[in-house]
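What follows is a set of notes on a single structure, which appears directly below.
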Amino acid sequence: MYFKQELELLVKSSCSLIYIVTSEEERLQDIIKSIVKNDISQAVYQWDFIEGYYSIKKANTIASKNPLKALEFIEDFSQDIDAIFLLKDFSCFFNDVSIIRKIRNLSSKLDLCNQVILFSGLEISIPVQLKQFITVIELPLPDKLEIECEIIRLIKLFNIEYNNLLIDNLVNICQGLSISQIRKIISKIIVQNGCLDIRCINLLLQEKGNQIKQTSLLELHYSSTSLADIGGIDNLKDWLYKRSNAFSQASFNYGLSYPKGLLLVGIQGTGKSMSAKAIAHAWNLVLLRLDIGKLFGGIVGESELNTRNMIQVVEASSPCILWIDEIDKAFSLMSIQGDSGTSNRVLATLLTWLSEKTSPVFVVATANNISNLPNEILRKGRFDEIFFINLPNFKERKKIFQVHLQKIRPDTWHRYNIPYLAKYSHLFSGAEIKQVIIEAMHTAFHEQREFTSLDILNAIDTLVPLAFTDQNNVEKLQTWASLGKIRLA
């Protein structure tokens with residue numbers, strides 16, 4: 001584990017003040033224990049605001065509810081004794097002048113002995129006066145090896161039989177979760193079912209989705225939509241089929257880098273969101289949906305912290321697909337100019353990650369109106385390709401009608417006059433075609449009969465498509481796409 005090696009190196013090199021960004025205090029304590037377990041002369045003291053100091057070996061109640069006294073305890077500590085002091089949530093007190101001064105004084109003392117102070121907190125909030133004294137590292141979510149060790153430990157604890165295939169499946173699903181979350185989920189499933197086998201996979205996926213939704217800005221989506229379910233977009237499908245094995249070990253050995261992602265631009269209802277789901281299904285990858293509006297918080301710095309946390313969860317869940325729906329709503333030029341720079345900072349963090357990420361995370365972003373997006377998003381290097389999904393043509397409308405009718409009438413779909421329906425629904429989007437079929441079914445069901453092509457034609461007559469209600473914007477987007485600045489799907 002890279003973090004453990006980095007922390008051990010810092011401790012051994014007498015780096016006296018270390019700030020660790022984490023929400024997993026128990027896991028951090030276990031890592032510290034493993035670092036010092038072979039050094040019996042090195043004591044570990046932990047402090048929090050309520051309990052004060054308590055040693056791993058012997059409990060104490062020193063400096064309870066007194067952070068300044070907690071630092072004085074370290075100041076008075078014998079220089080001849082090797083020790084690590086873990087101060088939890090201590091950044092809450094960094095705005096106190098006396099605390100800052102005491103830490104700076106302690107830095108000189110600690111440099112002369114083998115003692116280290118570890119500060120832990122949820123976010124990086126170090127005052128300017130201390131930045132040159134404190135080294136910051138971040139405890140990432142557990143990697144595959146840590147997850148595997150924890151799952152095997154839990155399985156043995158419950159005396160459950162297991163095999164390598166089961167462990168591999170469990171490890172892959174649990175990526176992106178903290179150790180405490182994994183313990184809760186695995187324990188709940190074992191207690192609920194009395195076992196843990198391949199039949200529990202769906203239940204585990206459901207529990208993971210609940211945990212991610214509760215503790216992060218992401219939602220775990222399950223997709224049964226295939227690319228064959230989407231009519232048209234043949235150019236996009238060809239592009240995706242060529243990269244269907246891009247996340248395999250063979251592709252990596254060949255020298256190919258992981259694909260970065262796609263930006264899908266198009267008129268509402270043309271299948272952009274459905275395409276994102278279909279990509280996850282076609283490539284057999286986990287689909288995480290980001291509600292980008294939830295990134296923005298009311299507290300100063302909260303939005304940037306949310307963005308970093310989101311990226312951490314996504315990378316820990318890789319290989320996966322990150323679906324950013326309607327990115328134009330969050331990062332339009334008008335919104336960026338009117339929020340005191342918060343959107344700019346969030347966008348900068350996101351764009352830097354998009355450009356520099358090396359993890360197997362494929363980003364699918366969708367946008368209805370590209371004209372309001374900043375040029376930084378459209379620049380090459382953020383996404384592998386930008387595709388425009390236009391209103392379906394006659395041939396594509398035929399395919400869309402066929403796909404929808406085959407789903408609801410698999411034995412009789414060929415009885416409908418699909419060519420005439422496709423011709424009559426000129427300028428209708430895929431979503432609007434689906435809606436007129438549903439409307440026709442409601443009419444026929446109310447009259448207690450089977451719906452016909454005539455019912456669909458009548459439904460087409462009653463629905464006014466977006467191409468008419470928002471004609472100016474639709475034509476503007478189509479004109480922009482026709483200039484050759486974007487690839488046609």
Hey, does the stretch 62-72 have a residue that's modelled with pLDDT of 90 or more, crowded, with 16+ Cβ neighbours inside 10 Å and within 32 Å of the chain's Cα centre (by Cα)? no
Top-ranked residue of the stretch 353-396 - restricted to ones that are in contact with a Lys or Arg (Cβ under 8 Å, 6 or more places away or on another chain) and assigned to a helix (DSSP H, G or I), ranked as surrounded by the fewest Cβ atoms within 10 Å (Cβ to Cβ): Phe394
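So is Lys213 outside any loop (DSSP other than H, G, I, E, B), without any contact (Cβ under 8 Å) to a residue 12 or more places away in the chain and buried (at least 17 other Cβ atoms within 10 Å of the Cβ) or not?
When the stated conditions are applied, Lys213 does not pass them.
Residue-wise test of (1) touching a Lys or Arg at 6+ places or on another chain (Cβ under 8 Å); (2) within 24 Å of Val286 (Cβ to Cβ).
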site: Ile100; (1), (2): no, no
site: Leu130; (1), (2): yes, no
site: Lys144; (1), (2): no, yes
site: Asp168; (1), (2): no, yes
site: Ser178; (1), (2): yes, yes
Can you tell me which residue is surrounded by the most Cβ atoms within 10 Å (Cβ to Cβ) among those in the stretch 74-112 that are β-branched (Val, Ile, Thr) and in a helix (DSSP H, G or I)? Ile103
Sort out which residues of the stretch 153-185 are free of Cβ contacts under 8 Å to residues at least 12 places away in the same chain and not in a helix (DSSP H, G or I), and write them in order of number. Asn159, Glu161, Asn163
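Would you confirm, using the coordinates I've provided, whether Ile18 is within 26 Å of Gln312 (Cα to Cα), of a type in the set (Val, Ile, Thr), in contact with a helix residue (DSSP H, G or I) (Cβ under 6 Å, 6 or more places away or on another chain) and not in a helix (DSSP H, G or I)?
Values: within 26 Å of Gln312 (Cα to Cα): yes; of a type in the set (Val, Ile, Thr): yes; in contact with a helix residue (DSSP H, G or I) (Cβ under 6 Å, 6 or more places away or on another chain): yes; not in a helix (DSSP H, G or I): yes.
Yes: the conditions hold for Ile18.
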Being more than 33 Å from the chain's Cα centre (by Cα) and modelled with pLDDT of 90 or more narrows Ser78, Ser98, Ser107 down to just Ser98
For the stretch 35-57, state whether one or more residues are at pLDDT 85 or above, out of contact with any strand residue (DSSP E or B) (no Cβ under 8 Å at 6 or more places or on another chain) and not in a loop (DSSP other than H, G, I, E, B). yes
Is one or more of the residues making up the stretch 269-280 touching a residue at least 12 places away in the same chain (Cβ under 8 Å) and more than 24 Å from Asn368 (Cβ to Cβ)? no
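Among the residues in the stretch 143-152, are any over 30 Å from Ile185 (Cβ atoms) and touching a residue at least 60 places away in the same chain (Cβ under 8 Å)? Quick ask: steps written out before the conclusion?
Going through the stretch 143-152, the residues over 30 Å from Ile185 (Cβ atoms) turn out to be none.
No, the conditions are met nowhere in the stretch 143-152.
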Scan the stretch 14-29 residue by residue and report those that are surrounded by fewer than 14 Cβ atoms within 10 Å (Cβ to Cβ) and either of a type outside the set (Gly, Ala, Ser) or over 10 Å from Val116 (Cβ atoms) (or both). Glu26
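The values are calculated or read from the model by the stated rules, or taken from the named source; none is laboratory data. This is a predicted model, so every value here is computed, not measured. Cβ: placed from backbone, ideal geometry, glycine included. Neighbour counts: every protein chain shown.
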